[in-house]
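Read through the structure below, which is laid out as structure tokens, and then see the notes.
The values are calculated or read from the model by the stated rules, or taken from the named source; none is laboratory data. As the structure is a prediction and not an experimental result, all values here were calculated from the model. Counting neighbours? That spans all protein chains shown, and the Cβs are built from the backbone with ideal geometry, glycine included. Each accessible area value is taken on the protein alone, full model and side chains, heavy atoms only, with ligands, DNA and RNA left out. Shrake-Rupley method; radii C 1.70, N 1.55, O 1.52, S 1.80 Å.
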Amino acid sequence: MNIINKIQNFTNQLDISLPSIANVETFTDGLIHFLFPIRDKSVELDKQLIFLKKSLLQILNELQLYSEKEIEEIEILFFNKLPKIFDKLIVDAENTLNFDPAAKSIVEIINAYPGFYATAVYRLAHEIHLLEIPYIARIMSEYAHRKTGIDIHPGAKIGNAFFIDHGTGVVIGETTIIGNNVKIYQGVTLGALNVAKKYSNTKRHPTIKDDVIIYSGATILGGNTTIGEKSIIGGNVWLTQSVLSNSIVLSTHEIKIRNTDSFKQDIDYSI
């Protein structure tokens, strides 16, 4: 069997019509630009909204999973949620401005913070996910992942006033639950303790309660792991069990002071 036959056989086995990834990414960009037309205030929002609705209809038609009536219902349901999404994102941005000493303005956060961008795409993709269109939601979240290095599964549940600082390397798994006013730093993983396929329909990722701060490089695993309210998880901590509210969890390090003689013998800098 030559390569063309192999590709054709594989493609014919797929039971779904795939929408254009480029169309989904353009739709995602359009939503962000519509919600925050800061760079171009001349945008005519009413025309932009019509364009976005047509874009979603086209994407849903390409999927070939829904009737015409169902597609219209999905379009109405999604766009009815935009005011709520917008309000949440404004709270996210204000929370970032109030917490981050480096932040100078809301405009800066919306335009330049990768954590805010990833959160914005997540909040849009999450609503698509709730409408049971997981493939489109996944493409949207992976688009943000590619641009920011922040991987948030659209199935995760994230509360209000969420803040990701720096962001690169953050991973938030599908069944993660995050409360309100949670702050996490780069390299944090909220992941599964066991990745066996048989656990796909179970809660595999941790629960983070309100007002928790998780510093860079921390790894928190397991669906039964809960981080209590107002806890602080230090950098590079590895956690697979729950901690009570108001906990401070640190990664301990042993520090030894070497004398001059041992320093010379311990390290060889020759290359």
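Assorted remarks:
- Dipole check for the chain: with +1 at the C-beta of Lys and Arg, -1 at the C-beta of Asp and Glu, and the Cα centre as origin, the magnitude is about 440 Debye.
- Nonpolar atom fraction for the chain, defined as the carbon and sulfur part of the 1.4 Å probe accessible area, stands at 54 percent.
- Phi to ³J(HN,Hα) by Karplus 6.51 cos²θ - 1.76 cosθ + 1.60 over the stretch 207-222, Hz, x for Gly, Pro: 10, 10, 6, 5, 6, 9, 10, 10, 7, 4, x, 5, 10, 10, 10, x
- Accessible area per residue (1.4 Å probe, heavy atoms of protein chains only) ranks Y113, Y135 as Y135, Y113, with the largest value leading.
- J(HN,Hα) series, the stretch 148-154, from Karplus relation 6.51 cos²θ - 1.76 cosθ + 1.60, nearest Hz, glycine and proline x: 10, x, 10, 10, 10, 5, x
- For the chain: accessible area per residue (Å², 1.4 Å): 56 Å²
- The calculated FRET efficiency for W238 paired with K69, based on their beta-carbon distance and R0 = 45 Å, is about 0.35.
- Of all aspartates and glutamates in the structure, those lying under 20 Å Cα to Cα from K147, and not within fewer than 8 positions of it along the same chain, are E25, D29, D92, E108, D165, E174.
- Long-range amide H partners of I178 with built H, under 5 Å: K157, I158, G159, I208
- Taken one residue at a time, the phi angles of the stretch 186-197 give Karplus couplings (6.51, -1.76, 1.60, θ = phi - 60°) of 4, x, 6, 10, 10, x, 8, 7, 10, 9, 4, 4 Hz. Gly and Pro are set to x.
- Dipole check for the stretch 87-175: with +1 at the C-beta of Lys and Arg, -1 at the C-beta of Asp and Glu, and the Cα centre as origin, the magnitude is about 140 Debye.
- For the chain, the longest site-free run once trypsin sites (Lys or Arg not before Pro) in DSSP loop states with at most 12 other Cβ atoms within 10 Å are removed: 105-255
- Given a 1.4 Å probe and the protein chains as shown, H253 ends up with an accessible area of around 140 Å².
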